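What follows is one structure encoded as structure tokens, with my remarks underneath.
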Amino acid sequence: QVQVQESGGGTVQAGGSLRLSCTASGRTFTLYAMGWFRQAPGKERDLVARIWLSGQTTYADSVQGRFEISRDAAKDAVYLQMDALKPEDTAVYYCGVTGYGGIDYWGQGIQVTVSS
């Protein structure tokens, strides 16, 4: 079993920055990917950024060049640095991790609000 804990959400003005943190605990040796997803009301949960065991990263086109995902493997932690935030970035952000068995684990989600 894996537990996921997020922190770092809040409210900022457009153009501002936030840094989200996520820590996994439990049977973390099974994990091969960690990432951030977001969901706005009435919309699907979409990938924001993901980092793999190899260190390879992927980003949604909408955040490319503005967000950066990083990992601290020793702490089983993943971070999302969000710069140049836009109102359309407003959503609940979820940390998601994937184990070798294809099982996903999710945090409870944290609110990010970007005002105009």
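General remarks:
- Candidates in region 63-89 are the residues that are part of a helix (DSSP H, G or I) and open to solvent by 80 Å² or more (accessible area, probe 1.4 Å); of these, the one that is nearest to Thr23 (Cα to Cα) is Lys75.
- Scan of region 21-42 for residues that are modelled with pLDDT under 95, open to solvent by 40 Å² or more (accessible area, probe 1.4 Å) and either under 27 Å from Glu88 (Cβ atoms) or small (Gly, Ala, Ser) (or both), ordered by number: Ser25, Gly26, Pro41, Gly42
- Within region 43-59, considering residues that are assigned to a loop (DSSP other than H, G, I, E, B) and closer than 28 Å to Arg27 by Cα, the one least open to solvent (accessible area, probe 1.4 Å): Gly55
- Residues in region 25-60 that are under 12 Å from the mean Cα position of the chain (by Cα), in contact (Cβ under 8 Å) with a residue 60 or more places away in the chain and under 12 Å from Val78 (Cβ atoms): Ala33, Met34, Gly35, Trp36.
- In region 9-20, the residues that are open to solvent by 30 Å² or more (accessible area, probe 1.4 Å) and either in a strand (DSSP E or B) or of a type outside the set (Ser, Thr, Tyr) (or both): Gly9, Thr11, Gln13, Ala14, Gly15, Arg19
The values are calculated or read from the model by the stated rules, or taken from the named source; none is laboratory data. Computed from a predicted structure; not experimentally measured. Note that each Cβ is placed from the backbone with ideal geometry, even for glycine, and that neighbours are counted across all protein chains shown. Ligands, DNA and RNA are excluded from the accessible area calculation, which covers all protein heavy atoms including side chains. Shrake-Rupley method; radii C 1.70, N 1.55, O 1.52, S 1.80 Å.
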